[in-house]
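**Student:** Below is the structure I would like to discuss, written out as C-alpha coordinates.
The values are calculated or read from the model by the stated rules, or taken from the named source; none is laboratory data. Just so we're clear, the structure is a prediction, and the values are computed from it rather than from any experiment. All Cβ positions, even for glycine, are placed from backbone atoms using ideal geometry, and neighbour counts span all protein chains on display. These accessible areas exclude ligands, DNA and RNA; they are computed on the full protein's heavy atoms, side chains included. Shrake-Rupley method; radii C 1.70, N 1.55, O 1.52, S 1.80 Å.
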Amino acid sequence: GARRQTDLRRAVSAVYYALFHAILSECADTIIGSTRRDDLAYRLVYRSIAHGQVKSLCEELTKPNVSAKYSAYVPDKMKLGVSISSVADAFLSLQGKRHSADYDPQLRLTLSELELTLLEGQAALVDWRTADRKDRERFAHLLLFPPKDSR
(Lines give C-alpha, C1' and ligand atoms only; values in the text may rest on other atoms or scores of the structure.)
Protein backbone atom coordinates (compact mmCIF):
# COMPACT_ATOMS: atom_id res chain seq x y z
CA GLY A 1 0.00 0.00 0.00
CA ALA A 2 0.90 3.66 0.35
CA ARG A 3 3.11 3.02 3.38
CA ARG A 4 5.14 0.41 1.52
CA GLN A 5 5.59 2.76 -1.46
CA THR A 6 6.80 5.45 0.93
CA ASP A 7 9.34 3.04 2.40
CA LEU A 8 10.55 1.95 -1.04
CA ARG A 9 10.86 5.56 -2.20
CA ARG A 10 12.79 6.57 0.91
CA ALA A 11 15.15 3.63 0.42
CA VAL A 12 15.90 4.68 -3.18
CA SER A 13 16.62 8.18 -1.92
CA ALA A 14 18.91 6.83 0.81
CA VAL A 15 20.93 4.82 -1.73
CA TYR A 16 21.56 7.95 -3.80
CA TYR A 17 22.47 10.02 -0.76
CA ALA A 18 24.97 7.42 0.46
CA LEU A 19 26.95 7.89 -2.76
CA PHE A 20 26.49 11.67 -2.78
CA HIS A 21 27.79 11.98 0.78
CA ALA A 22 30.74 9.67 0.06
CA ILE A 23 31.74 12.09 -2.72
CA LEU A 24 31.30 15.12 -0.44
CA SER A 25 33.43 13.48 2.24
CA GLU A 26 36.18 12.80 -0.26
CA CYS A 27 36.21 16.42 -1.37
CA ALA A 28 36.39 17.77 2.17
CA ASP A 29 38.98 15.14 3.15
CA THR A 30 41.09 16.13 0.14
CA ILE A 31 41.00 19.86 0.82
CA ILE A 32 40.78 20.07 4.62
CA GLY A 33 41.86 16.60 5.76
CA SER A 34 40.06 13.68 7.30
CA THR A 35 41.59 14.44 10.71
CA ARG A 36 39.87 17.84 10.77
CA ARG A 37 36.25 16.79 10.29
CA ASP A 38 35.18 18.83 13.34
CA ASP A 39 36.52 22.08 11.86
CA LEU A 40 34.11 24.62 10.41
CA ALA A 41 36.28 24.71 7.28
CA TYR A 42 35.48 21.04 6.70
CA ARG A 43 31.77 21.80 6.84
CA LEU A 44 32.29 24.76 4.51
CA VAL A 45 33.86 22.56 1.83
CA TYR A 46 31.40 19.72 2.39
CA ARG A 47 28.34 21.98 2.11
CA SER A 48 29.66 23.99 -0.85
CA ILE A 49 28.94 21.20 -3.32
CA ALA A 50 25.54 21.06 -4.99
CA HIS A 51 23.93 18.01 -6.55
CA GLY A 52 24.01 19.70 -9.96
CA GLN A 53 27.77 20.18 -9.76
CA VAL A 54 28.34 16.48 -9.22
CA LYS A 55 25.88 15.66 -11.99
CA SER A 56 27.66 17.98 -14.44
CA LEU A 57 31.05 16.46 -13.72
CA CYS A 58 29.68 12.92 -13.97
CA GLU A 59 28.05 13.76 -17.30
CA GLU A 60 31.38 15.11 -18.52
CA LEU A 61 33.25 12.00 -17.39
CA THR A 62 30.81 9.63 -19.06
CA LYS A 63 31.15 11.25 -22.49
CA PRO A 64 33.17 9.34 -25.09
CA ASN A 65 35.50 12.35 -25.20
CA VAL A 66 35.63 15.05 -22.57
CA SER A 67 35.08 18.64 -23.69
CA ALA A 68 38.01 20.93 -24.50
CA LYS A 69 37.93 22.66 -21.14
CA TYR A 70 38.48 19.33 -19.35
CA SER A 71 40.92 17.75 -21.79
CA ALA A 72 44.05 19.08 -20.06
CA TYR A 73 42.87 17.63 -16.76
CA VAL A 74 41.48 14.33 -18.06
CA PRO A 75 43.77 13.68 -21.04
CA ASP A 76 43.83 9.91 -21.21
CA LYS A 77 41.25 7.66 -22.74
CA MET A 78 40.67 5.97 -19.37
CA LYS A 79 39.74 9.36 -17.91
CA LEU A 80 39.96 8.91 -14.15
CA GLY A 81 40.06 5.15 -14.13
CA VAL A 82 37.45 2.46 -14.60
CA SER A 83 36.22 2.73 -11.02
CA ILE A 84 35.56 6.48 -11.25
CA SER A 85 33.84 6.02 -14.61
CA SER A 86 31.59 3.40 -13.02
CA VAL A 87 30.84 5.74 -10.12
CA ALA A 88 29.95 8.55 -12.55
CA ASP A 89 27.55 6.26 -14.42
CA ALA A 90 25.98 5.05 -11.17
CA PHE A 91 25.66 8.57 -9.78
CA LEU A 92 23.68 9.68 -12.82
CA SER A 93 21.49 6.60 -12.69
CA LEU A 94 20.86 6.83 -8.95
CA GLN A 95 20.14 10.54 -9.13
CA GLY A 96 17.53 9.88 -11.82
CA LYS A 97 15.98 7.16 -9.70
CA ARG A 98 15.98 9.42 -6.66
CA HIS A 99 14.25 12.19 -8.60
CA SER A 100 11.58 9.75 -9.76
CA ALA A 101 11.14 8.34 -6.26
CA ASP A 102 10.88 11.82 -4.74
CA TYR A 103 8.83 13.63 -7.36
CA ASP A 104 6.85 11.23 -9.58
CA PRO A 105 3.46 10.62 -7.92
CA GLN A 106 2.63 7.84 -10.39
CA LEU A 107 5.79 5.82 -9.81
CA ARG A 108 5.11 2.40 -8.32
CA LEU A 109 8.25 0.68 -7.11
CA THR A 110 8.65 -3.03 -6.53
CA LEU A 111 10.87 -4.69 -4.00
CA SER A 112 12.92 -6.24 -6.81
CA GLU A 113 13.51 -2.78 -8.34
CA LEU A 114 14.68 -1.53 -4.96
CA GLU A 115 17.00 -4.52 -4.60
CA LEU A 116 18.60 -3.71 -7.98
CA THR A 117 19.00 -0.09 -6.92
CA LEU A 118 20.63 -1.20 -3.65
CA LEU A 119 23.06 -3.42 -5.56
CA GLU A 120 23.87 -0.55 -7.92
CA GLY A 121 24.52 1.76 -4.98
CA GLN A 122 26.64 -0.80 -3.14
CA ALA A 123 28.74 -1.44 -6.24
CA ALA A 124 29.24 2.31 -6.74
CA LEU A 125 30.39 2.74 -3.14
CA VAL A 126 32.82 -0.17 -3.49
CA ASP A 127 34.12 1.32 -6.75
CA TRP A 128 34.50 4.72 -5.09
CA ARG A 129 36.34 3.36 -2.05
CA THR A 130 38.62 1.11 -4.10
CA ALA A 131 39.39 3.65 -6.82
CA ASP A 132 42.95 4.89 -6.98
CA ARG A 133 43.44 7.68 -4.42
CA LYS A 134 44.88 10.01 -7.06
CA ASP A 135 41.80 9.49 -9.24
CA ARG A 136 39.48 10.32 -6.33
CA GLU A 137 41.54 13.42 -5.57
CA ARG A 138 41.46 14.54 -9.20
CA PHE A 139 37.69 14.03 -9.22
CA ALA A 140 37.44 16.16 -6.06
CA HIS A 141 39.63 18.89 -7.56
CA LEU A 142 37.59 19.00 -10.76
CA LEU A 143 34.38 19.11 -8.77
CA LEU A 144 35.54 21.87 -6.42
CA PHE A 145 37.54 23.85 -8.98
CA PRO A 146 35.99 23.26 -12.40
CA PRO A 147 38.11 24.55 -15.28
CA LYS A 148 37.02 27.64 -17.12
CA ASP A 149 36.18 27.48 -20.81
CA SER A 150 39.23 26.90 -22.97
CA ARG A 151 38.73 30.17 -24.83
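**Student:** Go through segment 16-28 and give me each residue that's over 18 Å from S85 (Cα atoms) and open to solvent by 10 Å² or more (accessible area, probe 1.4 Å).
**Tutor:** Quick first cut of segment 16-28, residues over 18 Å from S85 (Cα atoms) only: 17, 25, 28.
Within segment 16-28, Y17, S25 qualify.
**Student:** Looking only at segment 78-92, filter to residues that are in contact with a helix residue (DSSP H, G or I) (Cβ under 6 Å, 6 or more places away or on another chain) and part of a loop (DSSP other than H, G, I, E, B); which one of those is modelled with the lowest pLDDT?
**Tutor:** Checking each candidate, the answer is K79.
**Student:** Scan (1) more than 18 Å from H21 (Cα to Cα); (2) at pLDDT 95 or above for the single condition Q95 breaks and write down its number.
**Tutor:** Here Q95 clears every test but (1).
**Student:** Something else: Which one of the conditions (1) of a type outside the set (D, E, K, R); (2) open to solvent by 30 Å² or more (accessible area, probe 1.4 Å); (3) in contact (Cβ under 8 Å) with a residue 12 or more places away in the chain; (4) more than 30 Å from R3 (Cβ to Cβ) does L92 fail to meet, given that it meets all the rest?
**Tutor:** (4)
**Student:** Another one. For segment 82-107, name all the residues that are of a type in the set (S, T, Y) and closer than 16 Å to A123 by Cβ. Even if it seems obvious, please write down each step before you answer.
**Tutor:** Initial filter on segment 82-107 (of a type in the set (S, T, Y)): 83, 85-86, 93, 100, 103.
Answer for segment 82-107, where residues must be of a type in the set (S, T, Y) and closer than 16 Å to A123 by Cβ: S83, S85, S86, S93.
**Student:** Quick one: how many residues across segment 121-138 are surrounded by 15 or more Cβ atoms within 10 Å (Cβ to Cβ) and at pLDDT below 95? Break it down into steps so the answer makes sense when it comes.
**Tutor:** First, pick out the residues of segment 121-138 that are surrounded by 15 or more Cβ atoms within 10 Å (Cβ to Cβ): 121, 124-125, 127-128, 131, 135-138.
Restricting the remaining residues to those that are at pLDDT below 95 gives 131, 135-138.
So the count comes out to 5.
**Student:** While we're on this one: Write out, first by first residue and then by second, each pair whose Cβ atoms fall under 6 Å of each other, whose residues are 6+ apart or on separate chains, and whose first residue, in segment 110-128, is in contact (Cβ under 8 Å) with a residue 60 or more places away in the chain while the second is open to solvent by 50 Å² or more (accessible area, probe 1.4 Å).
**Tutor:** What qualifies is T117/K97.
**Student:** Just name the residue that is surrounded by the most Cβ atoms within 10 Å (Cβ to Cβ) out of those in segment 29-61 that are under 18 Å from the mean Cα position of the chain (by Cα) and not in a helix (DSSP H, G or I).
**Tutor:** Per the stated criteria, the residue is I49.
**Student:** If a residue has to be under 24 Å from L125 (Cα atoms), free of Cβ contacts under 8 Å to residues at least 24 places away in the same chain and open to solvent by 40 Å² or more (accessible area, probe 1.4 Å) to count, how many in segment 62-81 make the cut?
**Tutor:** The number of residues fulfilling the criteria is 5.
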